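Peer 1: The structure under discussion is supplied below as structure tokens; questions concerning it will follow.
The values are calculated or read from the model by the stated rules, or taken from the named source; none is laboratory data. The shown structure was predicted, so the numbers you read here are calculated from the model rather than taken from an experiment. Heads up, the Cβs are rebuilt from the backbone with ideal geometry, glycines too, and the neighbour counts pull from every protein chain shown. All accessible areas refer to the heavy atoms of the entire protein, side chains included, with ligands and DNA or RNA removed. Shrake-Rupley method; radii C 1.70, N 1.55, O 1.52, S 1.80 Å.
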Amino acid sequence: MTTDQDLPMDHQSATALFAAKGIDVTTNKDQGVIKVIKRAGVDGDRPMIGDKVMVHYTGKLVTGKKFDCSRERKEPFCFHVGKGQVLRAWDIAVLSMQRGEVCTLLCKPEYAYGAAGNPDKIPPSSSVVFELELIKFEGEVLTGDGGIVRRIKVKGEGYTNPNDGSIVNVHLEGRCGDRLFDCRDVSFIVGQAEDKSIPLGVDRAMDKMQKGECCLLYLKPKYGFGSEGKPEYKIGPDKDIVYEITLKDFQRAKDSWEMDLKEKLDLSAEVKSKGNQYFKAGRYYQAVIQYQRIISWLEIEYGTGDVQQKKIQDYILTSHLNLALCFLRLKEFTQAVDNCNKVIELDENNEKALYRRGEARLRRNEFSLALADFQQVLQVNSANRAARAQISICQSKIKEHHEKDKKTYANMFQKFAERDAKTGKTKRRRDDSARTSFNGEVSIKQRRRSQECPS
């Protein structure tokens, strides 16, 4: 570890010492961040922009005065490197480090706390010294289930990203293991990458990218080619794949606030048709994207007349119903219930919404709730034979569930009785033993007293 004696007392001598022992890791080579490696890393891999990194650090002034230390808090510090979440010096230095590496950094003010410094800790325009240990790093997780992980090789430019409906021009390279199976320049519409044999994970990552960015996308099967695989690429079922994507250019689609109601309604017809096409092909995730776009455009719109308002409501109801059906197919039953609830809020006797909610609840083992939904379907349409069949299933499941409960409780009570009986026997044995012991002690005491009495 760096000690106070290791540190010089002024910036000029500090720069000379670090320059003699270390390397300038700044792009401009202005000696803004000079790094001295104290312990080499354990492998050759390095973090990429956007990676989540975990570090330990100690910060000192060049005089040797410590102003911060993660080790004293006994908790490493985590951040996404290259995203401007930390000091500029850290973003630069960490990208040059290897896992397990320990280094010391001399940082000029413009790469650290600037002309203002940090009140009560860092004087204005001060150079500072950090000791950093890179504990571990991992790619940026783009989905809640960890199915898409991104690592940025080249940072993009600007602050805008493609949105659903954008036309993007990309160069892509797809690999399964060490084998390159796809390499091409291609244009596609975000949300419709499936049409160009591009997996869902690439499509869903596009709205995180910037023009000129080059990144690696690590895709789990759900976001790759799924359980079907991709015979044309000779990829079997349930394979992890990796894509390297360079976003060369893109043209954003209009955002909702940029369109008038007529545009939204016209576009909704096209997008609904596309969603239905994906649904019929069994591409349920792709269908979900289309139906969700319609809802995002129309859910807060109000028509200028009854006809237009009915058209809006019909699109919203149909989209939620279709989403519920997609989520049933995907076995995401909570989402299915949520979309049915949206429909029932607008139309409490919607037969399809009640039936699909009943299906989702049945699959979640909520038998009583499912039964109530199917019974309500019959109130709306007494001729619905499917609902009658589902009611029989629910009643059978409820009965089966009750029988299981009876057996469970019967076994539980039997075990309690056996335990109580066993406890009672043990207690009686202890009591008998204690009584015997007590009687023995009394007999001994009586004999002692008789011996002690004068004859």
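Residues checked against (1) open to solvent by less than 30 Å² (accessible area, probe 1.4 Å); (2) β-branched (Val, Ile, Thr); (3) within 24 Å of HIS320 (Cα to Cα):
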| position | (1), (2), (3) |
| --- | --- |
| LEU362 | yes, no, yes |
| ALA370 | yes, no, yes |
| PHE374 | yes, no, yes |
| ASN381 | no, no, yes |
| LYS397 | no, no, no |
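Peer 1: Separate question: From (1) modelled with pLDDT of 95 or more; (2) over 29 Å from ILE189 (Cα atoms); (3) of a type outside the set (Val, Ile, Thr), pick out the condition that doesn't hold for ASN339.
Peer 2: All conditions are met except number (2).
Peer 1: Still on this structure: Within the range 122-140, take every residue that is in contact (Cβ under 8 Å) with a residue 40 or more places away in the chain and open to solvent by 30 Å² or more (accessible area, probe 1.4 Å) and give me the one that is farthest from the chain's Cα centre (by Cα).
Peer 2: In the first step, residues of the range 122-140 are kept if they are in contact (Cβ under 8 Å) with a residue 40 or more places away in the chain; the result is 122-123, 126-140.
Within this subset, residues satisfying the condition of being open to solvent by 30 Å² or more (accessible area, probe 1.4 Å) are 123, 133, 135-136, 138, 140.
On the way: PRO123: 40, GLU133: 26, ILE135: 22, LYS136: 19, GLU138: 14, GLU140: 10 Å.
Of everything passing the filter in the range 122-140, PRO123 is farthest from the chain's Cα centre (by Cα).
Peer 1: Is it fair to say LYS222 is surrounded by 15 or more Cβ atoms within 10 Å (Cβ to Cβ) and among the basic types (Lys, Arg)?
Peer 2: Yes.
Peer 1: Are there any pairs, at least 6 apart or on different chains, whose C-beta atoms fall under 8 Å, with the first in the range 17-28 and assigned by the TED database to the domain that holds LYS108 and part of a loop (DSSP other than H, G, I, E, B) and the second open to solvent by 60 Å² or more (accessible area, probe 1.4 Å) and at pLDDT 90 or above, and if so, which?
Peer 2: Matching pairs, first to second residue: GLY22/ILE37.
Peer 1: Same structure again: For ARG329, state whether it is surrounded by fewer than 17 Cβ atoms within 10 Å (Cβ to Cβ) and under 27 Å from SER227 (Cα atoms).
Peer 2: Yes: the conditions hold for ARG329.
Peer 1: Report, by residue number, each residue of the range 184-219 that is open to solvent by less than 10 Å² (accessible area, probe 1.4 Å) and either hydroxyl-bearing (Ser, Thr, Tyr) or closer than 16 Å to VAL149 by Cβ (or both).
Peer 2: Passing the criteria: PRO199, GLY201, VAL202, ASP203, ALA205, MET206, MET209, GLU213, CYS215, LEU217, LEU219.
Peer 1: Considering each residue of the range 279-289, count those that are open to solvent by less than 70 Å² (accessible area, probe 1.4 Å) and in a helix (DSSP H, G or I), and give that number.
Peer 2: Selection size over the range 279-289: 7.
Peer 1: On to the next question. Mind checking which residues of the range 156-166 are open to solvent by 50 Å² or more (accessible area, probe 1.4 Å) and out of contact with any Asp or Glu (no Cβ under 9 Å at 6 or more places or on another chain)?
Peer 2: If the condition is that a residue be open to solvent by 50 Å² or more (accessible area, probe 1.4 Å) and out of contact with any Asp or Glu (no Cβ under 9 Å at 6 or more places or on another chain), then TYR159, THR160 are the ones that fit.
Peer 1: Taking the condition of being among the β-branched types (Val, Ile, Thr), surrounded by fewer than 22 Cβ atoms within 10 Å (Cβ to Cβ) and either in contact (Cβ under 8 Å) with a residue 12 or more places away in the chain or part of a helix (DSSP H, G or I) (or both), how many residues in the range 290-303 meet it?
Peer 2: Result for the range 290-303: 1.
Peer 1: Related question: For the range 132-141, state whether one or more residues are touching a Gly at 6+ places or on another chain (Cβ under 6 Å) and aromatic (Phe, Trp, Tyr).
Peer 2: No, there is no match, as no residue in the range 132-141 is touching a Gly at 6+ places or on another chain (Cβ under 6 Å) and aromatic (Phe, Trp, Tyr).
For every residue, the table says whether it meets (1) outside the structural domain of VAL343 (by the TED database); (2) of a type outside the set (Ser, Thr, Tyr); (3) closer than 23 Å to LEU323 by Cβ.
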{"site": "ARG204", "(1), (2), (3)": "yes, yes, yes"}
{"site": "GLU228", "(1), (2), (3)": "yes, yes, yes"}
{"site": "PRO231", "(1), (2), (3)": "yes, yes, no"}
{"site": "ASP260", "(1), (2), (3)": "no, yes, no"}
{"site": "GLN286", "(1), (2), (3)": "no, yes, yes"}
{"site": "ILE295", "(1), (2), (3)": "no, yes, yes"}
{"site": "THR304", "(1), (2), (3)": "no, no, no"}
{"site": "GLN309", "(1), (2), (3)": "no, yes, yes"}
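Peer 1: Output yes when any residue across the range 266-275 is under 28 Å from the mean Cα position of the chain (by Cα), open to solvent by 10 Å² or more (accessible area, probe 1.4 Å) and closer than 24 Å to LEU142 by Cα, and no when none is.
Peer 2: no
Peer 1: What strands (runs of 3 or more DSSP E) lie completely within the range 33-111 and have 2 or more residues being more than 30 Å from LYS208 (Cα to Cα)?
Peer 2: Values: elements: 33-39, 52-61, 66-69, 77-80, 102-107.
In the range 33-111, the matching strands (runs of 3 or more DSSP E) lie at 33-39, 52-61, 66-69, 102-107.
Peer 1: Then there is this: Tell me, please, whether a residue that is surrounded by fewer than 16 Cβ atoms within 10 Å (Cβ to Cβ), farther than 22 Å from GLU157 by Cα and not aromatic (Phe, Trp, Tyr) can be found in the range 91-102.
Peer 2: yes
Table: residues versus (1) under 30 Å from LEU105 (Cβ atoms); (2) in contact (Cβ under 8 Å) with a residue 60 or more places away in the chain.
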position	(1), (2)
LEU142	no, yes
TYR159	yes, no
GLY177	no, no
GLU194	no, yes
ILE198	no, no
LYS208	yes, yes
CYS215	yes, yes
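Peer 1: Restricting to the range 131-164, name every residue that is in contact with a Cys (Cβ under 6 Å, 6 or more places away or on another chain) and of a type in the set (D, E, K, R).
Peer 2: Passing the criteria: ARG150, LYS153.
Peer 1: Among the residues of the range 247-278, write down those that are within 15 Å of ALA193 (Cα to Cα) and part of a helix (DSSP H, G or I).
Peer 2: The answer is VAL271, LYS274, GLY275, GLN277, TYR278.
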